[in-house]
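Throughout, read-outs are computed from the coordinates displayed, never taken from laboratory work. Note that this is a predicted model, so its numbers are computed, not measured. Note that we place each Cβ from the backbone using ideal geometry, even for glycine, and neighbour counts take in every protein chain shown.
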Amino acid sequence: MKIFNIDSPLMRTLGKASDLVILNLLTVLMCIPIVTAGASFTAMHYCCLKLVRDHENKISKQFFHSFKDNLRQSTAIWLILLAIVGFFGTDLYLMYINPTETSTFILGGIIAALALLFFVGVMIFPIQAKFYNPISKTFKTAFLYSFKHFPRTLLIMFATAFPFLLFLVGRLGLLLFPLELCFCFSAPGFLAAVLYNHDFEAAEAAILAKNKPAEEDSAEDAETT
């Protein structure tokens with residue numbers, strides 16, 4: 001039957017689902033040392049974008065290729081994010097053990113700051129996965145992209161948080177734990193890639209167009225020499 005042909009929509013969907021399972025397990029595994037979580041998230045987004053664009057290859061090979069290439073910078077970005085979260089987390093703890101009259105006001109400010117960090121943070125690793133920039137520019141680009149595409153970023157935030165929010169709904173999270181282990185990172189990452197893919201393609205085209213004249217000038221100089 002044609003439905004079971006390797007190129008049929010059903011088989012391609014099942015193939016992507018199996019890739020997402022492998023990708024999620026790799027992401028979880030490489031997050032275990034904590035310090036390598038940034039490189040793991042970067043590699044995951046790299047693979048998700050490949051899947052969205054149907055540039056399919058061996059998922060583990062793609063993952064570790066990106067993991068290795070981005071290890072240093074992604075780790076630095078991740079440690080910066082952890083330091084910021086740790087700073088605000090310490091403030092929350094101090095407020096909890098020693099509440100004051102201004103605690104409610106300060107609590108609101110901390111929650112707003114953490115929400116902003118999450119809002120920008122969901123785009124940091126996708127940008128790191130695709131574009132080579134200094135760390136400061138990666139943060140700046142993630143900040144500008146998140147606010148420029150506000151509704152889209154909110155959807156990515158919700159998708160990213162949703163698998164973990166299920167644990168707050170009674171025993172549902174525990175019942176769905178096997179499914180979450182297979183898709184908690186990769187499925188939201190794939191949805192995010194679907195949402196930002198068009199914008200990334202436009203940015204890639206703009207970069208190529210910008211670099212092309214310089215390459216042509218270099219070629220002309222070489223011919224003249």
Fraction of the pair-distance distribution of the range 144-183 above 13 Å, Cα-Cα pairs, percent: 58
For the range 135-155 versus the range 95-122, the gap between their alpha-carbon centres in whole angstrom: 21
Reachable lysines from Lys58, criterion Cα separation under 27 angstrom, eight or more residues apart if same chain: Lys2, Lys16, Lys50, Lys68, Lys130
Relative contact order %, the range 75-225, counting alpha carbon pairs below 8 Å whose residues are six or more apart: 15
For the chain, the fraction of alpha-carbon pairs in successive 5 Å shells from zero, as %: 1, 6, 11, 15, 17, 15, 12, 8, 6, 4, 2, 1, 1, 0, 0, 0
Selection from Ser60, Phe162, Thr36, by position along the positive dipole direction of the range 2-224 (Cβ): Phe162
The range 58-158: trypsin sites (Lys or Arg not before Pro) in DSSP loop, at most 16 other beta carbons within 10 Å: Lys58
Gyration tensor verdict on the range 92-225 (Cα atoms; rounded if a/c is under 1.5, prolate if a/b is larger than b/c, oblate otherwise): oblate
Cα-centre dipole for the chain with unit charges at Cβ (Lys and Arg positive, Asp and Glu negative), debye to 20: 680
Cα lying deepest toward the dipole's positive end in the range 2-224, options Thr102, Phe183, Ala202, charges on Cβ: Phe183
Glu180, Glu204 arranged by Cβ crowding within 10 Å, fewest neighbours leading: Glu204, Glu180
Helical contribution to [θ] at 222 nm, DSSP H n ≥ 4, -39,500 (n - 2.57), averaged over the chain, rounded to 500: -28500 deg cm²/dmol
